[in-house]
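Q: Okay, handing you the structure first.
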Amino acid sequence: VPLTGPEAVRQHPVVSLLTDFGYAEPFAGLVKARVLAECPSAKIVDLTHSLPPYAIEAAAFWIGRAYRYFPPHSVHVCVVDPGVGTERRILLAELAGHVFLAPDNGLLTSIGSHPEARIRALDPGWLASAGLGRPSATFHGRDLFAPLAGRLAAGTALPEQVGQIVSDWQRLATTSPVRTASGVHGRVLFADTFGNIFSNIETITLVDYAEWEVVAAGRVLPWVRTYGEAAPGTVVALENSFGVVEIACVGGSAAGVTGLGPGAPVELRRRGDPERPGY
Amino acid sequence: VPLTGPEAVRQHPVVSLLTDFGYAEPFAGLVKARVLAECPSAKIVDLTHSLPPYAIEAAAFWIGRAYRYFPPHSVHVCVVDPGVGTERRILLAELAGHVFLAPDNGLLTSIGSHPEARIRALDPGWLASAGLGRPSATFHGRDLFAPLAGRLAAGTALPEQVGQIVSDWQRLATTSPVRTASGVHGRVLFADTFGNIFSNIETITLVDYAEWEVVAAGRVLPWVRTYGEAAPGTVVALENSFGVVEIACVGGSAAGVTGLGPGAPVELRRRGDPERPGY
Amino acid sequence: VPLTGPEAVRQHPVVSLLTDFGYAEPFAGLVKARVLAECPSAKIVDLTHSLPPYAIEAAAFWIGRAYRYFPPHSVHVCVVDPGVGTERRILLAELAGHVFLAPDNGLLTSIGSHPEARIRALDPGWLASAGLGRPSATFHGRDLFAPLAGRLAAGTALPEQVGQIVSDWQRLATTSPVRTASGVHGRVLFADTFGNIFSNIETITLVDYAEWEVVAAGRVLPWVRTYGEAAPGTVVALENSFGVVEIACVGGSAAGVTGLGPGAPVELRRRGDPERPGY
């Protein structure tokens, strides 16, 4: 039988990839080639290579959520990098035993906002000494991120070697949801392939869903626990599997039906008359 | 040199994935993360994540065909699951040394119809005792199928533990081809990316192709052994590489040219006058 | 910690795949299944399965570039094969420690043109003796390329066994760039997903980019080192990360903006008056 447990995880370190390289050319494959050249036993997991070009906010959302499902000591590489070849820095973050590599353009906003996260800026001097100082001008994913991720996975490079801890890394200027007397004002982050709309309102603090309703696109939406609870075609709100308020259309596309796009307002409010005194 | 043979297969158990999750979000990647957390040496093979949403019949076809090319002891996970979060059961099937996991919605029709197949319904009590009793309402692929597949691959869960053998699992109400005096009446299952049309007529019993012709979309189609035997643009019939009658257009899309869609009739008939007495 | 170095590469041999199978059906997955059946520890890397159908020239370009980023002893399988099932030969090439498998239709043009490359034609007698003599008529990727690649990766088949060295393999009748008094006349190979246009002009001999300008689609294009050097919307020329002259539109699609398609002329010329005597 195969080995399991921490030692097995160490023998097969995981490298995840999240890019906007697409699937039509071998760009992601070449990243993998270079990871394997450094760490032949690595398990490489594609999160996706189909991010819309330069979709930094959606990428930042997924980086902040996805790592939790990976074994510890995974290395997560995110390359959504419109500034490739310019002087933008490259960051390495550490959180909860995971390592993250990304350009310094806001991608690590959610990771870095965690109080236990540590973020380093790659030191050009160290990169040069590691033989990674002369990447091509337009494909740092292959020439820099991939070999570095492979070495971090293999343990032949260590986070504390790559550069100093920094605090001036770029944050996305996103507006967090706002608490109001009657609930929470948030907004749409993005719609997924199925047309399910992800909002930026976290559900973790909602004790009793029966108390709440969601207002978006001029509709008051019923809360459901699962898609199957409402009739086909109904637009509903639910806690999705990533812990945020989602707007979905049963058997259809909520994005198509409602027209809600990124940035549109989503309001979570207590049922009943919000004007009622003492509410 | 690397190890080969049964022991090597055991050291690197294969988990295949067949879903409608798409490639745009990290849904399939998160399934892989959780498989690897349970079975770090697993080899995960994407069959596809691009099934049309809720395409249960096409998925059932592929499940019944694909496993034959995998090494024994592979675990095949199929998640096309419009009923996720409702009370639908989850099934585990065993056939020819392979293990299959799927919701109970018809996906295992072709596997389960094999006389040697054994199908179990996952026992909620066992799932709870295994720490898998509280999945999110909308993403059982990640929260339940994946860790279970990883444990089955690793041997840390065994098929006989997960639940009782059942016989009342859901079958697709598909009409099998009908034998007639002159041949076989079948129908279209689906068209693939290239526009090649898969029918439900198995070719295994056809000894001499020269005796047969195919009638579909009002055309009598010539039999060929391979696409290259007819001129570009010709619509032909052939035994495809999955053992069914396929309708193809040389260098083009048969689905586009003929307009044949799922359910359309396909007739296989003996050459010559079908009305001739004694034929 | 995981093993690294040549021994680790041997334990986890890499097989790369480059096909036009698409992602909608499990075709590529079945190829992987059969590779793993022969070589359970193989690392399989998708270069892409989204080549346009029968895009032999683009495939040949990528084969000639991609292998350089892989560890030695990798096996590269390319199946873009409109002649599948006909009498076309299958080739095995060796170059720089890498092994390549492809149908004999021009795909190995760039590999084979290297003076150190060795190309063999698979011997039907050997294939039969190896149990690979009866593939399906339409899916040699699964039935022949995959198991052979797995055995080559595992070392259970050796290049020198599979057939004789041949010199009459098919070359693409592509016109190489032509040197002129003022520079180089080349042409467009293809545009990638981002609309970046790859030409067939290699940049390796250009010492000083400041001396050159690119003329295409009736425009004189400025040279840049990286996309970020010009304003959004500008159409520029640069040395891309694969060593050829690329035409790009900053933040946009050069293919869309210029209308340049495969075969269109691209001229690299020295700055200044090309008619000037002695220039």
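Q: So how do A:SER129, A:SER182 rank on accessible area, 1.4 Å probe, biggest first, that is with the largest at the start? Display every interim value, and only then the final one.
A: Values: A:SER129 95, A:SER182 20 Å².
Correct descending sequence by accessible area is A:SER129, A:SER182.
Q: If you filter the stretch A:1-110 for GluC sites (Glu not before Pro), then keep DSSP loop positions with at most 16 other Cβ within 10 Å, what is left? Walk me through the intermediate numbers first.
A: Working: sites: A:GLU7, A:GLU38, A:GLU57, A:GLU87, A:GLU94; in loops: A:GLU87.
Those that pass, being in a loop and sparsely packed, are A:GLU87.
Q: Let me ask something else about it. Counting only other chains, and only Cβ atoms inside 10 Å, what mean value do you get across the residues of C:7-16? Please list the in-between numbers first.
A: Working: counts 1, 6, 4, 3, 5, 8, 4, 5, 0, 5.
Mean partner-chain Cβ count within 10 Å for C:7-16: 4.
Q: Among the trypsin sites (Lys or Arg not before Pro) in the stretch A:89-183, which ones are in a DSSP loop with at most 14 other Cβ atoms within 10 Å of the Cβ? Mind listing them? Provide the component values of the computation, followed by the final result.
A: Numbers: sites: A:ARG89, A:ARG118, A:ARG120, A:ARG142, A:ARG151, A:ARG171, A:ARG179; in loops: A:ARG89, A:ARG171.
Here the trypsin sites (Lys or Arg not before Pro) that fit, given the DSSP loop and packing criteria, are A:ARG171.
Q: Of the options C:VAL250, C:LEU189, C:GLN161, report the single residue whose Cα projects farthest towards the positive end of the charge dipole of chain C (beta-carbon charges: Lys, Arg +1; Asp, Glu -1).
A: Looking along the dipole axis, the top candidate is C:GLN161.
Q: Something else: Any idea what the B:ARG171 label distances to the other copies are, label 7 Å down the Cα→Cβ vector, nm, shortest first?
A: Reported distances to equivalent positions: 6.2, 6.2 nm.
Q: So the label point sits 7 Å from Cα along the Cα-to-Cβ vector; using that for A:GLY259, what distances do you get to the other copies, in nanometres, sorted shortest first?
A: List, nearest first: 3.5, 3.5 nm.
Q: Let me know the charge dipole size of the stretch B:157-262 about its Cα centre in debye, to the nearest 20, where only the beta-carbon of Lys, Arg (+1) and Asp, Glu (-1) is charged. Could the numbers behind the result be given before it?
A: Working: 5 positive and 10 negative charges, 60 e Å.
Magnitude of the dipole: close to 280 debye.
Q: Placing a label point 7 Å from Cα toward Cβ, how far apart in nm is C:GLU211 from its equivalents in the other copies, listed shortest first to one decimal?
A: 7.6, 7.6
Q: What are the trypsin sites (Lys or Arg not before Pro) within the stretch C:213-275 that DSSP puts in a loop, where the Cβ has at most 15 other Cβ atoms within 10 Å? Before the final figure, lay out the partial values.
A: On the way: sites: C:ARG219, C:ARG225, C:ARG269, C:ARG270, C:ARG271; in loops: C:ARG225, C:ARG271.
Sparse-neighbourhood loop trypsin sites (Lys or Arg not before Pro): C:ARG225, C:ARG271.
Q: Which chain B residue sits with its beta carbon nearest the axis carrying B onto C, and how many Å away is it, rounded to a whole number?
A: Value returned for chain B: B:TYR23, 4.
Q: Based on DSSP, what percent of beta bridges with both residues in the protein assembly as shown are antiparallel, to the nearest 5?
A: Working: 114 of 156 bridges.
Close to 75 percent.
Q: How big is the dipole moment of the stretch A:1-70 about its Cα centre under a simple scheme where the beta carbon of each Lys and Arg is +1, that of each Asp and Glu is -1, and everything else is neutral? Debye, nearest 20, please.
A: Details: 6 positive and 6 negative charges, 45 e Å.
It works out to roughly 220 debye.
The values are calculated or read from the model by the stated rules, or taken from the named source; none is laboratory data. Here the structure is a predicted model, which is why all the values come from computation and not from measurement. Counting neighbours? That spans all protein chains shown, and the Cβs are built from the backbone with ideal geometry, glycine included. Just so you know, the surface numbers come from the protein's heavy atoms only, side chains and all, with ligands and any DNA or RNA stripped out. Shrake-Rupley method; radii C 1.70, N 1.55, O 1.52, S 1.80 Å.
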